[in-house]
Amino acid sequence: MAVPGSPLDPRAQGCNHLIREGAVLVQNADDILEVIQMFNRGFEQSVERYIPDHLSADPNDRERANLTALLSPVPVPVDELIRQSGFSAPLVYAILLELELIGRLERHAGGRVSLI
């Protein structure tokens, strides 16, 4: 991206050269937003392509219930919950975050959690 300058101003030579070489001509803020949105669309599509389905962190009710059943008022390491549940780490962390946000989970030192 480059903002054009006067051809008579030697300070504008760099920007004008970039435009001649194919840089996006910027005349206002909308031009910049258009380029940013174009890059964001491409980035989102490429990221979605590389996330395997088995790493989905969108828990269902059964998964929530199964993980909650493994919790108690006694703190347990998150790694142990992952092992016992057989769920992926992103899924376990998503469920724990949901419980924490509704005020049912407390985090403790050493990566342990418990029900409130």
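Couple of notes before you dig in:
- Residues satisfying the stated conditions in the stretch 72-116, i.e. over 17 Å from residue 58 (Cβ atoms) and among the polar types (S, T, N, Q): 72, 84, 114
- Residue, surrounded by the fewest Cβ atoms within 10 Å (Cβ to Cβ), within the stretch 73-91, restricted to residues that are touching a residue at least 24 places away in the same chain (Cβ under 8 Å), not β-branched (Val, Ile, Thr) and not in a helix (DSSP H, G or I): 73
- Residue within the stretch 6-25 that is modelled with pLDDT under 85 and surrounded by 10 or more Cβ atoms within 10 Å (Cβ to Cβ) present: no
The values are calculated or read from the model by the stated rules, or taken from the named source; none is laboratory data. All figures in this text were calculated on a predicted structure; none of them were measured in a lab. Cβ sites come from the backbone with ideal geometry, for glycine too, and all protein chains shown count toward neighbours.
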